[in-house]
Amino acid sequence: MSATTPAGRVLNEQPEDSPTAADHAADPLAVAREIALRQLTVRARSRAGLARALSRKGVPEETARQVLDRLTDVGLIDDAAFAREWLAAGGRRQRSRRVLISELGEKGVDREIIDEAVAELDGDHDYAVARGYAERKAASLARLEPQVRYRRLTGALARRGFPSSVVAQVAREVLADLDLLDGGEQEV
């Protein structure tokens, strides 16, 4: 039952395409399929991520398994492709390999699939991503004292999960380049 506000807006009305309790009872497979397809329309997801979404919506485990099996069979769920895409996007999101692996684990991707996807990454992934991030970040630090620049840049890189060896190397290189551009000859 719906009510209206004094302004004439309808309250408590279900959108036409939203599953109702009657829909759940009538065809739980169709409802589960609709939920999963909506999730996949927004962005790619892991099988475990979709299973969690279906569980949160109250879809029975057996029904969810059937829908997920079917979506896997037709290629709409592919954890290996999902892992490769996640790792490829990690450079744009400026995250270290370690952080990306952790994120995939949190998304329920199997460790074997993660390892295979990581093996396809460039060996210099962390260095290249850290260098790109540091070059952009260093511009905002140009007016600071050299020690402060170094401390802030290394902190920012470390928070993104880069190994300490990469953090130190990239910070030294980028800040040395910045000093040369600014005409300074200070050593960091």
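Multiply the residue separation of GLU173 and SER140 by 0.36 nm, subtract the distance between their alpha-carbon atoms, and state the gained length in nm to one decimal.
Taking 0.36 nm per residue and subtracting the Cα distance, the gain is 10.3 nm.
Among 166-177, 42-53, the peptide with the highest mean count of other Cβ atoms within 10 Å heads the list, and the full ranking is 166-177, 42-53.
Here the 3J(HN,Hα) profile of the stretch 37-46, calculated from phi with Karplus coefficients 6.51, -1.76 and 1.60 at θ = phi - 60°, is 5, 5, 4, 6, 5, 5, 6, 5, 9, 7 Hz, Gly and Pro shown as x. With all protein chains kept in place, the per residue accessible area of the stretch 19-143 amounts to 57 square angstrom at a probe of 1.4 angstrom. Derived scalar couplings between HN and Hα for the stretch 171-178 equal 4, 4, 5, 5, 5, 5, 4, 5 Hz in order, rounded to whole Hz, by the Karplus curve 6.51 cos²θ - 1.76 cosθ + 1.60 (θ = phi - 60°), x for Gly and Pro.
The values are calculated or read from the model by the stated rules, or taken from the named source; none is laboratory data. For clarity, every value in this text was computed on a predicted model and none was experimentally measured. Cβ atoms come from the backbone with ideal geometry, glycine included; neighbour counts cover every protein chain shown. Protein only, heavy atoms only, side chains kept; ligands, DNA and RNA dropped before computing areas. Shrake-Rupley method; radii C 1.70, N 1.55, O 1.52, S 1.80 Å.
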